[in-house]
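Some notes on the structure that comes next.
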Amino acid sequence: MKYSIVLVFCVLAAGLGCNQNRPSYKDAVQSGLKQADLTDVSVSEDISKSTITLTGTLHSDADKTKAGEIAQTNAPGDTVANEISVQIVGSESESKDIASNLDDGIEKNFKAALISTRLNKQDISYKAKNGVLTLTGSVKHADQKSQAQAIASKIPNVQQVVNQIEVKR
């Protein structure tokens, strides 16, 4: 019995430390983007959440998609939040306004959905940026985290959900 408890403790300790021991992928992602001539993309990394975030401005959806694919290839197992703004040449100002209004709408619709499902009683924060809805905060049960993810994915104009909600009992 004592050995079982020690074994469980060791497995848990190893699991908790695995994110801190993984390598940084930021340089590899930046290198891949540079090779693809996508130099207007900035890369940030949150090792504790295993998340790579892409920001910046590109001029086509195809380039945005390509940047996301490069990041995912170079950061295996990480979540890639592709927050790159697509601004059509000659219509940059209009593109910014459209993206901003869409993000405002995403946040308002998600807030309404949280209220209607009573998840607004949990500690869930959210932010939309260029169609990426990032969820943070905490909930009491794992099914609430899954429910928030499912709700977020059904909000109009959401291109990606990054669920960083923690379960705290």
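The values are calculated or read from the model by the stated rules, or taken from the named source; none is laboratory data. Everything quoted here is computed from the prediction, not taken from an experiment. Ideal geometry is used to build each Cβ from the backbone, glycine not excepted, and the neighbour counts take in all protein chains shown.
Computed values, structure above
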item: Which listed residue is loosely packed, with under 15 Cβ neighbours inside 10 Å and among the polar types (S, T, N, Q), from N101, N130; result: N101
item: Boolean, G68 is free of Cβ contacts under 8 Å to residues at least 24 places away in the same chain and closer than 25 Å to T136 by Cα; result: yes
item: Conditions (1) surrounded by 15 or more Cβ atoms within 10 Å (Cβ to Cβ); (2) within 30 Å of H59 (Cα to Cα); (3) touching a helix residue (DSSP H, G or I) at 6+ places or on another chain (Cβ under 7 Å); number of the one not met by A113; result: (2)
item: Test: residue in region 77-86 that is surrounded by fewer than 13 Cβ atoms within 10 Å (Cβ to Cβ), within 19 Å of S48 (Cα to Cα) and in the same structural domain as D61 (by TED's automatic domain parsing); result: yes
item: Any hit, region 89-100, residues being under 19 Å from the mean Cα position of the chain (by Cα) and not assigned by TED's automatic domain parsing to the domain that holds K26; result: yes
item: Subset of region 24-54 that is outside any helix (DSSP H, G or I) and in contact (Cβ under 8 Å) with a residue 40 or more places away in the chain - its residue that is surrounded by the most Cβ atoms within 10 Å (Cβ to Cβ); result: V41
item: Failed criterion for N101 (all others in (1) in a loop (DSSP other than H, G, I, E, B); (2) farther than 19 Å from V41 by Cα; (3) not charged (D, E, K, R) hold); result: (1)
item: Those residues of region 113-169 which are of a type in the set (A, V, I, L, M) and outside any helix (DSSP H, G or I), in sequence order; result: I124, A128, V132, L133, L135, V139, I155, V158, V161, V162, I165, V167
